[in-house]
1. Would you kindly state how much longer the chain becomes between residue 59 and residue 7 on full extension, computed as 0.36 nm times their sequence separation minus their alpha carbon distance, in nm to one decimal?
2. What are the equivalent ellipsoid semi-axes of segment 31-160, built from the alpha-carbon gyration tensor (square roots of five times its eigenvalues), in whole angstrom, biggest first?
3. Please arrange 354, 85 by how many other C-beta atoms lie within 10 Å of their C-beta, fewest to most.
4. Would you mind calculating the relative contact order of the chain from Cα pairs under 8 angstrom and at least 6 residues apart, reporting the percent as a whole number?
5. Take segment 183-287, drop everything but the C-alpha atoms, weight them equally and run the Debye formula without solvent; then report log10 I(q)/I(0) at 0.13, 0.16 Å⁻¹ to two decimals.
6. In a Debye calculation with equal point scatterers on the alpha-carbon sites of segment 298-411 and no solvent, what is log10 I(q)/I(0) at q = 0.14, 0.15 Å⁻¹?
7. In which sequence would 282, 126 go, from the one with the fewest C-beta neighbours within 10 Å to the one with the most?
8. Kindly express, to the nearest 10 degrees and within the range 0 to 90, the angle between helix 116-128's C-alpha long axis and the longest C-alpha principal axis of the chain.
């Protein structure tokens, strides 16, 4: 097969192409924002010219949202049961029936300006897990642009913990490298290649035996994460053609986080739990694991985009002609909830973080373009994958805005003729009824969150536990403010070519904070 067969694998933006390819890719970049704007625009226009049609559409969307909520709640319940079951399994005992001593875990912690307290607790979590640290290669992926302080943090980690692992190295990602965007993708790609040269090749470790976990710097593993990961890898139908996705729980600082941060943290976790029950729609997210051999063949993570954690799945999906998948392992890792020193700082950081996540709409252009260029991917797989991604980002932006804001416009701008109709009186009660029934799913969410939250620290009263349940009344507001609006913001920036750079979520940790041990007896 010619070397340039997969030349499109690391295309990041339309401007990197020329001629007809550039035009096509640019149209694909416009598509998500255009669909969302068109949908919202239709509701606004109809509210002026045909308010009755707009009202009926609002009711239809409410019914659709009701059934979708029930559908998603069933998936959440199933995954919750799987997570609870997997947490009490002795994965080390299960591994005894398999040959696993050859598996090497490469764990990459990319960091920028995070301090010793954050990184050390993540590394300490590896040592406190029930896996052999002598089978782990730890990579402290520093950024040159962070200055000397980052290297000092990494050097301290190496001194204190390095000797207990198979290897522990520090890499220093160069600043202002041509063709790269400063961010996680370029950093971990550099770190993976450096580790290959400095550790894997000198020791003669086969690439097929190495699982790479690209962790956020605040990721703390649950006790048997690597045992569960290894078991899933060794029993997967296509182990070297699969990525492995844990459930992200934002539990590290959940008790000290403000109410808004907690709601967003668990909402994000629950969405990933739902996706685990729909593997046909699942792509890698945040902390994930990939076979090194696949990474190496695909050229590692993309260095020129924001959404490298999900894009790597699509890179590999295209590279292996559609014969690549994500294996949901229904086992958690713990990270920090998004917290800033002030309330408005927290609001700002949550918004920026979710705008970065929803900027994953940039994958739509890549997917459609790659599908055009690769005739070896089965047509059915192309259509299903494209429709799942387009519908997902479209509904994320439009549905909450329609149900909680735009859909009510006929009542305010429909005019006297509409307000005199029976429908104008029925719309509020019908929509409220459907939404109220749909919001019963929040009761389940509250219950699940209480099972997943770590044990309450002694410095917090029982009232704090009550607040953890009551906080779910904020969900309708957060759906609009921290999902729809940042999602629309991201899609419009992509649509008009005002591309985002990688925004690093600030991580800080009280020096005295001890990351709570997860409760395994759920």
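1. Working: separation 52, 0.36 × 52 = 18.72 nm, distance 4.70 nm.
Extra length from residue 59 to residue 7 when fully extended: 14.0 nm.
2. 49, 27, 12
3. Details: 354 24, 85 11.
Placing the least packed residue first, the sequence is 85, 354.
4. Normalised by residue count, the contact order of the chain is 25 percent.
5. Reported log10 I(q)/I(0), two decimals: -0.63, -0.92.
6. So the normalised log intensities are -0.79, -0.88.
7. On the way: 282 21, 126 24.
Arranged by neighbour count, lowest to highest, 282, 126 become 282, 126.
8. 70 degrees
Since every read-out is calculated from the coordinates, none of them should be taken as a lab result. Predicted, not measured: the structure shown is a model, and the values here were computed from it. Neighbour counts run over all protein chains shown; Cβ positions are idealised from the backbone, glycine included.
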